[in-house]
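Please treat every number below as a calculation from the coordinates, not as lab data. Note that the structure is a prediction, hence the values are computed from the model and not measured. Quick reminder, even Gly has a Cβ in these numbers, built from the backbone with ideal geometry, and neighbours come from all protein chains shown.
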Amino acid sequence: MTQKTGRIKIEPLQSILTAREQRAFLKKQIADKGFPCLSLSLNVPGFPKSNPTVQLFFSHVLTDLKYFLKANLIELSEDESICRPDDTGDFYLSPCSGYGKPIEEIKQLCEDFEGNHSLGRFIDVDLNDAQGNTISSGKSKPCFFCGERPAIECRRMEAHNSDEIRIFMFSKMAEYCRQQRENILVKRISSLGLKALLDEISLSPKPGLIDKFSNGSHSDMDFQTFLASSAAISGWFEELVRAGFSFKGNDLTKALPVIRNIGLRMESDMYASTKNINTHKGLIFLMGLSLFACGKLFSRQDRFDAAVFRSIIRDICKDIVEKELAPVKVSKATHGEEIYRKYGYSGARGEAENGFPMVFEFGLPQLTAVEKPGEEELFKSLLAISSNNQDTNILYRRGPIVLTSFRNLCKKALEDLNAANLSAVAEFCKSENISPGGSADLLAVTIFVDSVMRADQKKEFTPLSELNDF
Ligand SMILES: [Zn+2]
């Protein structure tokens, strides 16, 4: 790493001395107060020592370190900590204490952290005792670039070109940050998926449907059955989002078997949790597509975009009605196939092939119209969907005439939300023994999409573009 004797090249060296002196001074201040001090920095050769990727990597490592220390009962003092980049790079410093643990034990934990971190060789967790002395384990770290010699030897020999090392490091850091972003997104989106299921089932009262107080037009299941089923299928949500993230290629119709493979396992877990009652079969299809599509969308871009989300769903389900509902098969026809043959209504498959029009054109506007949707908006969203949806649950049980009457009653209740109109819908469901289960599934998807959009607006999701900037 040659330093040319030019004015521009000398300046960083001078400022590094100042930055190093400043760090030593800060450590001394903590020692003067009688505390050991723990610091975090990165080994970045050459200049500059930081950039947006390095900063983001540093902030992930700092978060990891804080959780690790806390879990091992090492306390940091947030009030007195310092976290700022200087000319030697990104830097964190804090007084620490370990519930009476000897300083060597704390040092060992710092080394365990570095040793177990996938990019631990980029990381320096240093420790000074209460007298300000650096605690060293005496072990030398292997070179993070070649791994063949101790790092200090490679540095002395100038064994590697610093530009090469920098590119190697930054790409590893970017990859790490991308993985962290994916992990955070996968967890967050999955939890919004489960929240949507719980919000839908908890919305009470609902006409003909299961809610907290009533089993609606159902005799074989109740609120508890839905809680059990929600818990059982939500275990697969992360896998669906992750499948979207990792799906390669441009032909999204190839994603359908991938989603269905997970969906079939969900169905099996659903039946096991409900003693063979179908609570969520339609929902598994719709939510499976939605979770996958979110993963796919966020693997390509920073922000949620409803048009892109819808086009992903449409591409996955291209020609699905023609391919799946029309052909005559050896097995017994499903409810969906029977209804398609009898009335030409395409149900959940048609809804997906068209990019969820019930969700985006009818359900969602009821929720996005207000700052914080409550039960009333959720109910209006259900009515808006029900008054437009060709609900196959109703069609299968009672046929198109009853469905039309039901839709008209829903429309009337939505236009004028009063007790008489609402009880007319509820009474009709009771007398005809119908339950708009398909619309309830679409409401859950609507709540999910709304919550993802809100999280995105609050910038809860790390943008992808930050990771390509080094
Ligand atoms: Zn080396």
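For the stretch 243-287, the residues whose amide N sits under 20 Å from a probe point set 7 Å from the Cα of A333 along the beta carbon direction are 282.
Counted by Cβ distance under 13 Å from N250, the other residues give a net charge of +3, where Lys and Arg count +1 and Asp and Glu count -1.
Among S439, S137, S219, sorting on how many other beta-carbon atoms sit within 10 Å of each Cβ, with the fewest leading, yields S219, S137, S439.
Using a simple spin-label model with pseudo-atoms 7 Å out from Cα toward Cβ, D79 and A231 lie 4.2 nm apart.
For T279, T63, T274, the sequence from fewest to most other C-beta atoms within 10 Å is T63, T274, T279. Subtracting the Cα-Cα distance of K139 and R260 from their residue separation scaled by 0.36 nm leaves 38.4 nm. Taking each of K107/K195; K33/K107; K70/K458; K141/K458; K28/K458; K66/K458 in turn, the alpha-carbon distance tops 31 angstrom for K107/K195; K141/K458; K28/K458. Placing unit charges on each Cβ (+1 for Lys and Arg, -1 for Asp and Glu) gives the stretch 288-436 a dipole about its Cα centre, and among S331, C317, L403 the Cα reaching farthest toward its positive end belongs to S331.
Using Cβ counts within 10 Å as a stand-in for footprinting exposure, how do L367, L240 rank, fewest first?
Working: L367 23, L240 27.
Exposure proxy ranking, most exposed first: L367, L240.
The distance linking the stretch 266-288 with the stretch 326-395 is 17 Å (Cα centroid to Cα centroid, whole angstrom). When both the stretch 13-59 and the stretch 77-140 are represented by their alpha-carbon centers, they are found 11 Å apart. The E322 and T63 beta-carbon pair, evaluated with R₀ = 51 Å, returns a calculated FRET efficiency of approximately 0.55.
Run the numbers for E105 and R398: contour at 0.36 nm per residue of separation, minus the present Cα-Cα distance, in nm.
Numbers: separation 293, 0.36 × 293 = 105.48 nm, distance 7.20 nm.
Taking 0.36 nm per residue and subtracting the Cα distance, the gain is 98.3 nm.
Counted residue by residue at 0.36 nm each, then reduced by the alpha carbon distance between them, the extension gain from K372 to F223 reaches 51.1 nm. Taking a Cβ cut-off of under 11 Å around I106, the surrounding Lys, Arg, Asp and Glu residues balance to a net charge of -4, with basic ones at +1 and acidic ones at -1.
Just to confirm the number: angle between the C-alpha axis of helix 162-202 and the first principal axis of the chain, 0 to 90 degrees, nearest 10? Roughly 30 degrees between the two axes.
Assigning unit charges at the beta carbon (Lys, Arg +1; Asp, Glu -1) and nothing else, what dipole magnitude in debye, to the nearest 20, does the chain show about its Cα centre?
My answer is approximately 800 debye.
Net charge of the neighbourhood of F223, taken over other residues with C-beta under 10 Å away and scored Lys/Arg +1, Asp/Glu -1, is -1.
Evaluated with a Cβ-only charge set (Lys, Arg +1; Asp, Glu -1), the stretch 97-152 carries a dipole of roughly 140 debye about its Cα centre, given to the nearest 20.
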